[in-house]
Amino acid sequence: MTPVRTATDASSGRVWKKPPFIANPWVRYGLVAITLVYLYWAFSTLPFNWERIAEGMPRALRIFGGAFPPSFERAGLLWTGFKESFQIAFLSTLLGVFLSVPIAVMAARNVAPLPVYLLGRTIIIVSRSFHPVIVAILFVAAVGFGPLAGILTLTLYSIGFVAKLLAEEIEEIDWGQVEAMRSVGAGYLKMLIYGVFPQIMPRQIGLSMYQLDSNLRASAVVGIVGAGGIGGTLMNAFGRYDYDFAFAILLMIIGIILVSEGISGWVRKKVW
Amino acid sequence: MLEITNLVKRYGRNDPVLKGLNLSVDGSSVVSIVGASGAGKSTMLRCINRLVEPTSGSIKLNGHELVNLRGSELRHSRRRIGMVFQGFNLIDRLTVMENVLSGRLGYVSFFQALTRRFPQTDIDRAFNLMERVGIAHYANKRADQLSGGERQRVAVVRALMQEPEILLADEPTASLDPKTSQQIMSLLQTLASEMSLPVLINIHNVTQARMYTDRIVGMRHGQMIFDGAPKDFNQDALDAIYGGIESPEEDGGEPQHQTAQEALA
């Protein structure tokens, strides 16, 4: 018979503590020290002009004061700007998501041979390396002011994001399903359609919704550098000190983002 | 008629997993392959439909050499070899019917596959086979909503849709409960005799191997060490195949054993 163990055994009273996140004490305390030294150095050398900040305060208050109440008088201008932003966002999401599928397949190591994989990864890295604003400046210079530059910018932006995450999703699929499709004698494309795409479909839809959401936001920003949409209208309103109109635009942007987040969240939850 | 001669498979520079294996299976016999994990059972099965590339040797199916086939030749011979997997390997997010029809992927065009417009003869065959194994009412259900036994039936039907000349089953019952696994084994047995189809089954359950198959092949360390009828598969054969192999459950398993005996007493 095994004796029944009780808390009063010799083994009671042993101490337990959670092991530290970084085991080596030198590294642990060294990192803290480095962080403190850096913070001291950064604050002591960065030029904070306290006088200028003090002057700016009332000016900021004046701007915000001028923004109240927001003016929706020029609703026509507001409408054309947002319509163009929507068009840019939808078109570029469609194009970007469509193009990102083949690029994601190219960039997934388990379904692409090495040279194709490297090419796919290169496309993704290039399209991810610049912020959309910089890309927009380049495209405005190349194709002129207007929505075309915005569409090209956000398409590239979508490819970078969607293709990268989709490629990672492809690399994590259940390989058994692919094996089954190979065992029935399916060729490469049929294997993709049956063995791979059904597995990544929920992720694909979720990413598309997220990207639409993100492109709506970004389309307002790239407009500022001349790539069409509500961003241009916003920039003009600031330029002409129409702070009440600018504030109306900002409120609209917030509202639209809220609605689109709600919709995309709902759709992503529904898809499984 | 399947003829494997001198089959060798070596992964990288390691010791070969298969060391000159010879096996021939004819007619409609159901052959079970038993052996400890790592004996090379699965590798051998996968060499036949070339999911694994053999290092050397020859595999002939009805006089047709399978080793060294490439591209469309390889795909055309794969259509003639059905395979059933331990984890079912169904396309979870597609319907049962799509899964069953995917057995025809080697025969239909890319456009037909993409739009799911399979020929009427395929659809008739699919319904007939699904009725035969009792899953026809699930045709439009998603494959991941079915139970384990039902899913393995879908997988068997998918393999039969290929109009195979041989059926390979890689531990088809290892993920199923005992009762369901018996049902699947007896289904494989009757289907084999109905369609006069040779079936090769990798299996761990020796009792089921004895009960449902015509011939038992025992493997150890990549070599065949037993080949005979179930009635000849005695304790000596069992020791030769599994003996001296320590499974992790046996380490320190003694007290457990005792409790089991105590529970029985």
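The values are calculated or read from the model by the stated rules, or taken from the named source; none is laboratory data. Every value quoted in this text rests on a predicted model; they were computed, and no experiment measured them. Counting neighbours? That spans all protein chains shown, and the Cβs are built from the backbone with ideal geometry, glycine included.
Evaluation of residue B:173 against the conditions (1) buried (at least 23 other Cβ atoms within 10 Å of the Cβ); (2) in the same structural domain as residue B:199 (by TED's automatic domain parsing); (3) touching a Gly at 6+ places or on another chain (Cβ under 7 Å); (4) of a type outside the set (A, V, I, L, M) shows that the sole unmet condition is (3). Is it fair to say residue B:82 is within 14 Å of chain A (Cβ to nearest Cβ) and touching a Pro at 6+ places or on another chain (Cβ under 9 Å)? Here the answer is yes, as residue B:82 does meet what is asked.
Which residues, counting only those in the stretch B:152-165, are over 16 Å from residue A:181 (Cα atoms) and crowded, with 20+ Cβ neighbours inside 10 Å? Before you say what the answer is, go through the steps one by one.
Initially, the stretch B:152-165 is screened for residues over 16 Å from residue A:181 (Cα atoms), giving B:153, B:165.
Matches in the stretch B:152-165: B:153 only.
Select from the stretch B:189-203 the residues that are crowded, with 19+ Cβ neighbours inside 10 Å and either in a strand (DSSP E or B) or in contact with a strand residue (DSSP E or B) (Cβ under 6 Å, 6 or more places away or on another chain) (or both) and list them in ascending order.
Step one: filter the stretch B:189-203 for residues crowded, with 19+ Cβ neighbours inside 10 Å, giving B:191-192, B:197-203.
Scanning the stretch B:189-203 gives B:192, B:197, B:198, B:199, B:200, B:201, B:202, B:203.
Where residues in the stretch B:96-122 are within 12 Å of another protein chain (Cβ to nearest Cβ) and part of a loop (DSSP other than H, G, I, E, B), which of them is nearest to residue A:192 (Cα to Cα)? Step by step, filter the stretch B:96-122, then rank; the result is B:105. With the requirement that a residue be within 14 Å of chain B (Cβ to nearest Cβ) and among the aromatic types (Phe, Trp, Tyr), what does the stretch A:154-187 give you? Scanning the stretch A:154-187 gives a single hit, A:175.
Flag set for residue B:89, criterion: in a loop (DSSP other than H, G, I, E, B), within 14 Å of chain A (Cβ to nearest Cβ), buried (at least 21 other Cβ atoms within 10 Å of the Cβ) and at pLDDT 85 or above. Can you confirm whether the stretch A:192-200 contains a residue that is more than 14 Å from chain B (Cβ to nearest Cβ), hydroxyl-bearing (Ser, Thr, Tyr) and either surrounded by fewer than 21 Cβ atoms within 10 Å (Cβ to Cβ) or touching a helix residue (DSSP H, G or I) at 6+ places or on another chain (Cβ under 8 Å) (or both)? The answer is no; no qualifying residue exists.
What number of residues within the stretch A:56-76 satisfy the criterion of being surrounded by fewer than 16 Cβ atoms within 10 Å (Cβ to Cβ) and assigned to a helix (DSSP H, G or I)? Of the residues in that region, 13 qualify.
Looking at the structure I just gave you, is residue A:48 part of a loop (DSSP other than H, G, I, E, B) and over 31 Å from the mean Cα position of the chain (by Cα)? Walk me through it before giving the result.
On the way: part of a loop (DSSP other than H, G, I, E, B): yes; over 31 Å from the mean Cα position of the chain (by Cα): yes.
Yes, satisfied.
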